[in-house]
Each structure stands twice: as C-alpha cells, then as structure tokens.
1. Scan segment 28-45 for residues that are farther than 11 Å from Asn76 by Cα and either in a loop (DSSP other than H, G, I, E, B) or open to solvent by less than 30 Å² (accessible area, probe 1.4 Å) (or both) and report the count.
2. Can we say Phe29 is without any contact (Cβ under 8 Å) to a residue 40 or more places away in the chain, under 21 Å from Gly10 (Cα atoms) and aromatic (Phe, Trp, Tyr)?
3. If I go through segment 46-64 residue by residue, how many of them are of a type in the set (Gly, Ala, Ser) and open to solvent by less than 40 Å² (accessible area, probe 1.4 Å)?
4. Among the residues of segment 69-85, is there at least one that is within 17 Å of Glu6 (Cβ to Cβ), open to solvent by less than 20 Å² (accessible area, probe 1.4 Å), free of Cβ contacts under 8 Å to residues at least 60 places away in the same chain and outside any strand (DSSP E or B)?
5. Looking only at residues in segment 1-19 that are assigned to a strand (DSSP E or B) and among the small types (Gly, Ala, Ser), which one is most open to solvent (accessible area, probe 1.4 Å)?
6. Does segment 33-52 include one or more residues that are in contact (Cβ under 8 Å) with a residue 60 or more places away in the chain and over 15 Å from the mean Cα position of the chain (by Cα)?
7. Would you check which residues across segment 12-32 are modelled with pLDDT of 95 or more and among the hydrophobic types (A, V, I, L, M, F, W, C) and list them?
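The values are calculated or read from the model by the stated rules, or taken from the named source; none is laboratory data. This one's a predicted model, so the numbers in the text were calculated from it and none came from an experiment. Glycine also receives a Cβ, built like all others from the backbone with ideal geometry; neighbour counts cover every protein chain displayed. Ligands, DNA and RNA are excluded from the accessible area calculation, which covers all protein heavy atoms including side chains. Shrake-Rupley method; radii C 1.70, N 1.55, O 1.52, S 1.80 Å.
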Amino acid sequence: QVQLVESGGGLVQAGGSLRLSCAASGSTFSIVAMGWYRQAPGKQRELVATITSGGSTNYADSVKGRFTISRDSAKNTVYLQMNSLKPEDTAVYYCNAYQWARHYWGQGTQVTVSS
C-alpha cells in the first residue's frame, strides 16, 4: 500500500505561481511513476504531468512551458511547480502513484486562480 499526501494548493491571481508537493509513504519501493492529475467542476479528471522512476517526464499540452514536475527520491516526494497560472487551471489537483499495475491517489488539493 502507498499513501499519498498533497499540500501547497490555494488561491492565486492569474499570472501567479504555486508549488504543489506530494509525499509518498508506505510501500514506496517499485513505484514506477508518479504524477499529477486535476479535475475541474463538471469535467473529467485529466493528466497534468508525470515523472517516471527513471526521471522521464510527460506533460499535458495545456501546461507545457508553464508547469514543471520534479522529484526528490530521498524524500519520496514529487513536486509540481506551476507558473503563469490561468483561471482555467482552477481545479482539484490529485497526486498519483503507479505501482504493480495499481494506481494510488491522494486526497486532492484545491487550486483556484482568480482573473
């Protein structure tokens, strides 16, 4: 079992920045990838960014050039640096870990971008 705890959400004006953190605990060995997803009201959950255990990253087109995913393996923590935020980035952001063909999810953290 893997437990994920997110932090760092909040309210920010358009053009501002936030950094989300996700700390993994429990059976963290053999986690293949971690990432961030988001879900806006009335919309489906969508991928934002992922990072593999080897360090490869993948981003949604809508956040490329604005968001950066990184990790601290020693701390089992993944970060999402979000710059140039837009109102359409408003959503609940969920941390995800993929291990042994199973997805684990955090409880989510709200990000609200005001115009």
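1. 11
2. Judged against the criteria, Phe29 is not a match.
3. Total meeting the criteria: 3.
4. no
5. Once the filter is applied, the top-ranked residue is Ser7.
6. No, segment 33-52 contains no residue that is in contact (Cβ under 8 Å) with a residue 60 or more places away in the chain and over 15 Å from the mean Cα position of the chain (by Cα).
7. The answer is Val12, Ala14, Leu18, Leu20, Cys22, Ala23, Ala24.
Let's see how each residue does on (1) of a type in the set (A, V, I, L, M); (2) out of contact with any strand residue (DSSP E or B) (no Cβ under 8 Å at 6 or more places or on another chain); (3) farther than 28 Å from Ser115 by Cβ:
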| position | (1), (2), (3) |
| --- | --- |
| Ser25 | no, no, yes |
| Phe29 | no, yes, yes |
| Gln44 | no, yes, no |
| Thr52 | no, no, yes |
| Asp61 | no, yes, no |
| Arg71 | no, no, yes |
